[in-house]
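The values are calculated or read from the model by the stated rules, or taken from the named source; none is laboratory data. Quantities reported herein were computed from a predicted structural model and do not represent experimental measurements. Glycine also receives a Cβ, built like all others from the backbone with ideal geometry; neighbour counts cover every protein chain displayed. We work out accessible area using only protein heavy atoms, side chains counted, and drop any ligands, DNA or RNA first. Shrake-Rupley method; radii C 1.70, N 1.55, O 1.52, S 1.80 Å.
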Amino acid sequence: MTDTSLAGTRTAPTLRLTVNGEALSLPAGASVAGLLDHLGLPRRKIAVERNLEIVPRSLYDETSLGDGDQIEIVHFIGGG
Amino acid sequence: MNATTLEDDGWTVAGRRFRSRLVVGTGRYKSLEETAASIAASGAEMVTVAVRRVNLSDPNAPMLQDFVPPTQYTYLPNTAGCHTAQDAVRTLRLAREAGGWNLVKLEVLGPPPFLYPDMAATFEAAAALIADNFEVMVYCADDPVAAKRLEEMGCVAIMPLGAPIGSGMGVVNPYMIRAIKAQAKVPVLVDAGIGTASEAAFAMELGCDAVLLNSAIAHAQDPVRMAAAMKHAVIAGRHAYLAGRMPRDYRADPSSPTTGTIR
């Protein structure tokens, strides 16, 4: 499990998230949009769930993340 | 009989019209290129897809939708891997957000080795999804009582298995498939079990509205050619059903006139 911390200094508060089962830290105040940018994920045809609640695509910018949030980011893959 | 009467005007599910009566899965191919080529050869307009976590370590990995564009094909998100109603509803809510549509394939499976539909959990999930405005095409047992109940609940298509998923055993209970079709007012699709073209044709000859298959194409030696075979099989089976087969008889009935023979 890797910690891809953006801000690891003692002075900057960080959010500890679990994203698709992996630990990840972001600066406090980060939004869902900030998380997707940090991960380098294209927004096309993905869906984001925060603590079991869907985050609509239109609300990525204004949805702030909280410490301890459980995030799932999914997309479509081949299946029968 | 002229060419016009030989047209098949397709089938309708939840108000959406499809000309192709073949629905194909997008799983189990060697590559996304092979997936795309096979699906194109199948002539299918609707494809099933799974919902899974994005690979965070490789965010720019090729994506299914780059090869099988959702602008060209109707994506039918499935609930593969879900063993409870809660998991199925959660998965399809995510699918709706990712894809923006509410036509879905519900499958709640029992354990290996048969992955047989768990009908108690399927009923529970269907009720929850219908209450949440999903249009549910439901994978189910070849059980006419269960099929009728799913229809009465509001499922938009009934999809009994021909045989267990990925088994390639064909339509092993044709009598019940025919019974389910005979009583249904919504489309009936044989989903799972088809292994080769004759079996897809047979499912259509039973009167089914369409066939859903995946492994029969993906696990063929030449998937693209098998996809083409399936396309033609489904068309042939539909025509054979509409044409109405001749009666069976164990005795011979000469095809040539029995009069006017030379002496």
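Considering (1) free of Cβ contacts under 8 Å to residues at least 24 places away in the same chain; (2) within 16 Å of A:Ile77 (Cα to Cα); (3) more than 9 Å from chain A (Cβ to nearest Cβ), say which one B:Gly15 fails and leave the rest.
(2)
For the subset of segment A:34-59 comprising residues that are crowded, with 17+ Cβ neighbours inside 10 Å and either away from chain B (no Cβ under 11 Å) or touching a residue at least 40 places away in the same chain (Cβ under 8 Å) (or both), which member is farthest from B:Leu212 (Cα to Cα)?
Step by step, filter segment A:34-59, then rank; the result is A:Gly34.
Quick one: how many residues across segment B:173-219 are small (Gly, Ala, Ser) and either in a helix (DSSP H, G or I) or free of Cβ contacts under 8 Å to residues at least 12 places away in the same chain (or both)?
10
Restricting the search to segment B:42-64, which residues are outside any loop (DSSP other than H, G, I, E, B) and surrounded by fewer than 19 Cβ atoms within 10 Å (Cβ to Cβ)?
Selection gives B:Arg52, B:Arg53.
Which number in (1) open to solvent by 20 Å² or more (accessible area, probe 1.4 Å); (2) closer than 27 Å to B:Leu109 by Cα marks the one condition that B:Gly244 misses?
Looking at each condition in turn, B:Gly244 falls short on (2).
Every residue in segment A:34-70 that is assigned to a strand (DSSP E or B), small (Gly, Ala, Ser) and more than 15 Å from B:Arg53 (Cβ to Cβ), please.
A:Ser64
Only one of B:Gly166, B:Gly170 is part of a loop (DSSP other than H, G, I, E, B) and within 14 Å of chain A (Cβ to nearest Cβ); which?
B:Gly166
Collect the residues in segment B:124-162 that are part of a loop (DSSP other than H, G, I, E, B) and at negative phi, keeping them in residue-number order.
Within segment B:124-162, B:Asp132, B:Phe134, B:Ala141, B:Asp142, B:Asp143, B:Cys155, B:Val156, B:Leu161, B:Gly162 qualify.
Given B:Glu33, B:Glu7, which one is free of Cβ contacts under 8 Å to residues at least 24 places away in the same chain, over 26 Å from B:Ala125 (Cα atoms) and open to solvent by 50 Å² or more (accessible area, probe 1.4 Å)?
Matching residue, one of B:Glu33, B:Glu7: B:Glu7.
So which of B:Glu135, B:Glu151, B:Glu124 ends up being within 19 Å of A:Gly79 (Cβ to Cβ), open to solvent by 10 Å² or more (accessible area, probe 1.4 Å) and not hydroxyl-bearing (Ser, Thr, Tyr)?
So the residue among B:Glu135, B:Glu151, B:Glu124 that is within 19 Å of A:Gly79 (Cβ to Cβ), open to solvent by 10 Å² or more (accessible area, probe 1.4 Å) and not hydroxyl-bearing (Ser, Thr, Tyr) is B:Glu135.
In segment B:104-115, what residues are modelled with pLDDT under 95 and touching a Leu at 6+ places or on another chain (Cβ under 7 Å)?
Within segment B:104-115, B:Leu109, B:Leu115 qualify.
Restricting attention to segment A:63-77, does a residue exist that is buried (at least 18 other Cβ atoms within 10 Å of the Cβ), under 29 Å from B:Thr74 (Cα atoms) and more than 10 Å from chain B (Cβ to nearest Cβ)?
yes
Restricting to segment B:71-99, give me the number of residues that are assigned to a loop (DSSP other than H, G, I, E, B), surrounded by fewer than 18 Cβ atoms within 10 Å (Cβ to Cβ) and not β-branched (Val, Ile, Thr).
Residues that pass the stated criteria total 3.
Among the residues of segment B:188-232, what is the count of those that are touching a Phe, Trp or Tyr at 6+ places or on another chain (Cβ under 8 Å), away from chain A (no Cβ under 14 Å) and open to solvent by less than 20 Å² (accessible area, probe 1.4 Å)?
Total satisfying the criteria: 4.
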